[in-house]
Amino acid sequence: MGRGVKHPGRGGIIDTRGPGPRPPRRPLRVLARWFLMAVVAGAAALAGPLATGPAAAEDGLPPVVAGPAVGGVVPVAGAVPVEVSRLVLSVNVEAEEATLSLLPARVTATVEARYTLRLAGESGRPRAVSLRFLAPPEVDALWDGRPAELYPGVYPGEQPGQPAGTGTEPGPGTRAPWPPAGAGLWLDPLAGGFYPVPSPPAALVASQALGTDVILRPGQSHELLLRFPRVALGWETSRYLSPVYQLEVPLSPEAWAGFGPVDVHVAVPPGYVAGVAATGPDQGGPEPASAGQGLRDEAGRAGSRPGAYGYHRWETAPPRVVVATTATTGMWGRVVTRRRDVLWLLVVTWTVFALARAGLWRIGRRPDGWAWAALPALLILPLAAGWVSWHSLRVPLWGYPFSLLQYALWVGGGLYVAGRLLGDLGGFLWLRWLYRRSRRRAREFPAGGGPAGPAGTAGLQEPSEPSPEGARPVPRGSGPGGLTAPAGGS
């Protein structure tokens, strides 16, 4: 009696027993695959609404947190008229990667504010001026290149980032900062403009008010340099895959006798994008962002959306400068920006993988040399699907500690890709060996010329037509029996 050899691809059998009925297609395996795809699609549909909610940056912290404001130098109300002839703001965003890759990075900024001050009008003698500004715990101040003496002070008006009523009353010539506390507006670094946040921002930490006394000489320009290292940024986690970090620098131009141009330089690390905008009641308040809306300053000119570096200039100082940044990891050219988009991307990726692999195996089962054209694609396909999945799952989709479950997906996906590579390669080579053995036997024992003997010793004919999926190769001059033995066999 002849024997049948199991097909390594999709369950088909190369039959060496002679003519006979076709082997079954194993419909249960096909149904199991479609059932698995349906389960994955259903899980994505159910997990989509869960993935749209805000993911906290760290366990126990709110999804929207307002960072402390820095800068905002104002003179103490008095009879001395002082003007700012120029202000240069330099913001260098720094991202410190977390110990675990699925934890959000610690994003801070180093801010330098370079004020050029001078006495306004005609003055015949030097004048002493007291200045106030907001600062984090660490600050360096230089007056005309020399260290300035700082002391705790009272900042006029309400401090940004604090609930209303916690600051001092606005002094003469000052007003409360804009936007008011609890407004819930955030700068969109990708689309531009402002958008409402789902909940009022909580205060992370309040800025301290510091003061310094300086001497201004008539007809001379003086420079006040403030440097704030490691400024904590506020974050908002409901809009994009990664949190949107925001920094606010109040300018308060109404507190000065004159305020010249403002230059803003922004530098972000690789993989981040930033946006710059100005807000204030003179603009009627910031408007919610819409698709494609650009960043606007008070004069209606488009602001900048820098990548690795950006620059913007206002000829007239706005009440407040806002800088926002976010990481673009896993966004695929800003096409996948929401967490639910990642789940659907994975469903589409693996559906295409399953369909493409089935088509490639139809080519790989051919008995001729065209089958080798499918081998490179069979090896590249699981690698491509695994790389897309890994790149998409590098961003935490849920808040800590639930995002750590993605490590299990990494391990499981890596094992599956490795197993699929070895299985497809081994199955393809095994099938080539079976076809080669079949042709060799067909040459040794031509049809009708096999030696007499027990059943199963006859030669096999060479197949000439590719068989459909799960079926046996059809030989030349034979019936539907597949690779057949000559007459006199089993």
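The values are calculated or read from the model by the stated rules, or taken from the named source; none is laboratory data. This one's a predicted model, so the numbers in the text were calculated from it and none came from an experiment. Note that each Cβ is placed from the backbone with ideal geometry, even for glycine, and that neighbours are counted across all protein chains shown. Accessible surface areas use protein heavy atoms only, side chains included; no ligands, DNA or RNA. Shrake-Rupley method; radii C 1.70, N 1.55, O 1.52, S 1.80 Å.
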Taking region 104-126 and the residues there that are surrounded by fewer than 17 Cβ atoms within 10 Å (Cβ to Cβ) and not hydroxyl-bearing (S, T, Y), the one that is modelled with the lowest pLDDT would be E122
Inset, instruction - For region 364-378, indicate whether the set of residues that are touching a strand residue (DSSP E or B) at 6+ places or on another chain (Cβ under 8 Å) and not small (G, A, S) is non-empty. - result: yes
For region 388-428, the count of residues that are under 16 Å from R357 (Cα atoms), of a type outside the set (S, T, Y) and open to solvent by 30 Å² or more (accessible area, probe 1.4 Å) equals 8
> Does E158 satisfy the criteria of being at pLDDT 75 or above, in a loop (DSSP other than H, G, I, E, B) and not β-branched (V, I, T)?
Replying inline: no
Is it the case that R420 is closer than 18 Å to I363 by Cβ, free of Cβ contacts under 8 Å to residues at least 60 places away in the same chain and part of a helix (DSSP H, G or I)?
yes
Fill in: Meets criteria (of a type in the set (S, T, N, Q), open to solvent by less than 10 Å² (accessible area, probe 1.4 Å) and at pLDDT 80 or above) for T337
no
Going through region 245-274 in order, the residues found to be buried (at least 18 other Cβ atoms within 10 Å of the Cβ) and farther than 24 Å from A135 by Cβ are Y272, V273
Examine region 80-102 for a residue that is free of Cβ contacts under 8 Å to residues at least 40 places away in the same chain, in a loop (DSSP other than H, G, I, E, B) and open to solvent by less than 60 Å² (accessible area, probe 1.4 Å), and state whether such a residue exists.
-> yes
Going through region 359-373 in order, the residues found to be part of a helix (DSSP H, G or I), in contact (Cβ under 8 Å) with a residue 40 or more places away in the chain and open to solvent by 30 Å² or more (accessible area, probe 1.4 Å) are R362
Subset of region 214-240, residues among the charged types (D, E, K, R), surrounded by fewer than 22 Cβ atoms within 10 Å (Cβ to Cβ) and over 22 Å from L89 (Cα atoms), comes to R217, R239
